[in-house]
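Nothing in this text is a laboratory measurement; each read-out follows from the coordinates by a stated rule. In this text the structure is predicted, and so the values were computed from the model without any measurement. As a convention, Cβ positions derive from the backbone with ideal geometry for all residues, glycine included, and neighbour counts pool all protein chains shown.
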Amino acid sequence: MQRTTGVKIASAIAAVAIAAPILICIRLAWDVGLTGEESHALSYSRNALHRSEETAVQFSEAIDRLNHDHLPACSADEIDLMRQIALVSSYIQAVGRVSGNSLICTSLDTKQPIPLGPAELLTEYGVTQRNNIPLSIAGGHPMNVLSKDGIAIVVAPSLLFDTPNEGPDVSVGVFVPSSSTPRYIARHNGEIRPEWLRAIPKGTESSFTDTGYVISVVRSARYDIGVITAVPEPYATMLAKQLALVFVPVGLLCGGGLAWAVLYISRIRLSHSSQLRAAARRGEFFVEYQPVVELATRRLIGAEALVRWRSNGEIVRPDHFIPLAEESGVITIITEQVLAMVTKDLPKLLSRDSGFQVAINLSAADIRSRKTIGLLSRLLETSGAHPSNIEIEATERGFLQGSEASGHLAQIRAMGFDVAIDDFGTGYSSLSCLQTLGLDTLKIDKAFVDTIGTDGATSQVVLHIIEIARSLNLGMVAEGVETEAQAQFLRDRGVHYAQGWLFGKPMAVERLCDLLGAQQANDPANAGVVLIPEAAIYLQALS
């Protein structure tokens, strides 16, 4: 009897010893999954609320500017002012005047009234809203039209949700809290249940779970705006099932099973990161240089260093691997290798032209990293280059990374490097933002250069960008110049420098050195001419 009892007790202890770690790990995985989903839901809601509030701020500023100037309604001067407001606003697609239920004129230079239909709701701040209106000026896409004091703005609802999320099953909705019934300004993905719209005080947020969803609700402190996000719970559930399948058979080896499960789950997300890290170890990244020329003389004055990836004998497009590198954090490793390659190439280039300038792109992660300052210092020490030989380029997203990034950029400028904003106008930069960044150069994106000489709706944007740069005393470099007509247009309007296939495709440093040598041999100061025939022929052969 005692033996039997002892066996039972031992068996029970053994069962508890096997079951306890499994249950603890499953519970922990479930709790972590729920916490992560709650964090995700809140981050989506906060992001959409921030975009909605910024839209409201820009709307208020548009009303103030248009009504303050007292320009004749829908006059050419007022429409030009509308265009300027739309250009420097992050989320506004068009500005116009509204009368009754029609747009009577817009910044897109429409000539006939555009019917909008009756308003759907009026916020507690007096803003009239019409949502998901298929406007012809937007190619028939559903747009939101907000109006107040006779001024209207056109907003794309999708801009409020322009942020990565876990998948198509994540639902986000922007609503008006003061409305007696749920009225959405915009909604993304699946259905949001009315009972989830909880009344919460202004400036607060709330999270809760309900029937397989984690829901977050946030409400603006300044405007009549709220955002709700519903994220399903599949991740915690999937993890718990996988842990159970692994731990039950192996018992006390549950620790090893947990490690396997975590690695298995992480493998998909880390696969791209692993490929890029392996490519960096194998030295598969290399640099090509795209010439930058002075438009007035066509003299080669610099080049942009562009990273390339040769994988299994094939070149991988930068727009395919650069976003993955930034997302996985491998971009900082790639940038370090690019800086090392540029350091090696600089003496060759500077021996042919001591004033030659190489532009180097930094990602948002590079700008945040303190290590970048040391790498740039090492570049100067090792290559013998002067800071004026280097221009640091960053996209507008890289500049808007908080006080730490701003401090590093200020330190980079203090070291003597020129700083340029790349791809300006393709994101959410504004004139007021540019004034505070501390820049030397503005690069005009190829997307706007391509509109030169066309009748597209954005064909006038390049002129406004040039005016913005001129008003801030910024140097200008036009990207993607492919025709003589584009080059002449830009030169006539005060753009001094350009790059693009008209002047040369990205090339190896040896070809760039040959080009510099040809230019040096035919220096206009010696030859008495402006253009360099041999260099021009060389460029033509390259293109």
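Here's the picture: charge each Lys and Arg Cβ at +1 and each Asp and Glu Cβ at -1 in the range 36-239, and of Tyr44, Pro115, Ile225 the one pushed furthest to the positive end of that dipole is Pro115. Each peptide in 374-381, 197-204 gets a packing score, the mean of other Cβ atoms within 10 Å over its residues, and the list from highest to lowest is 374-381, 197-204. The amide H of Ala498, built 1.01 Å from its N in the peptide plane, has Val293, Leu295, Ala478 as neighbours under 5 Å, considering only residues 5 or more places off or on other chains.
Backbone amide hydrogens, once placed in the peptide plane, bring Ile151 within less than 5 Å of Val98, excluding anything fewer than 5 places away on its chain.
Applying D = kT/(6 pi eta Rh) to the range 27-140, where Rh is the Kirkwood radius over alpha-carbon pairs, T corresponds to 25 °C and eta to 0.890 mPa s, the Stokes-Einstein value obtained is 148 µm²/s.
Amide H to amide H, with H built 1.01 Å from N, Ile133 comes under 5 Å of Met143, Asn144, Val145, counting only residues 5 or more places away or on other chains. Among residues other than Cys105 with Cβ under 9 Å from its Cβ, the summed charge is 0 (Lys and Arg +1, Asp and Glu -1).
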